[in-house]
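These notes are about the structure you will find just below.
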Amino acid sequence: MVWIAIWKVVLLSSLALFALLTVVTTVRGAGDVRRLFQRLEEERQDPEVRE
């Protein structure tokens, strides 16, 4: 009976960590994509601008 409780805790902890990592990756990825499009727009307007 104790093993079932331990595995439930492990499973729920893993799922919670996966959900947290998914949210963090999504938010940070969206910021990266936004910056990418801003740089592309700047380069389209002024091709001499390079970093």
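The values are calculated or read from the model by the stated rules, or taken from the named source; none is laboratory data. Everything numeric in this text was worked out from a predicted model, so none of it was measured. No Cβ is skipped: glycine too gets one built from the backbone with ideal geometry, and neighbour counts run over all protein chains shown. To get the accessible areas, we keep the full protein, side chains included, count just its heavy atoms, and leave off ligands, DNA and RNA. Shrake-Rupley method; radii C 1.70, N 1.55, O 1.52, S 1.80 Å.
Structural remarks
- Relative compactness, the chain, computed as alpha-carbon Rg over 2.2 N^0.38 Å: 2.16
- Counting only protein heavy atoms and a probe of 1.4 Å, the accessible surface of the chain is 68% carbon and sulfur.
- Nitroxide proxy distance, nm - points 7 Å out along Cα→Cβ at Ala16 and Glu41: 4.0 nm
- Accessible area per residue for the chain, computed on protein heavy atoms with a 1.4 Å probe, is 100 Å².
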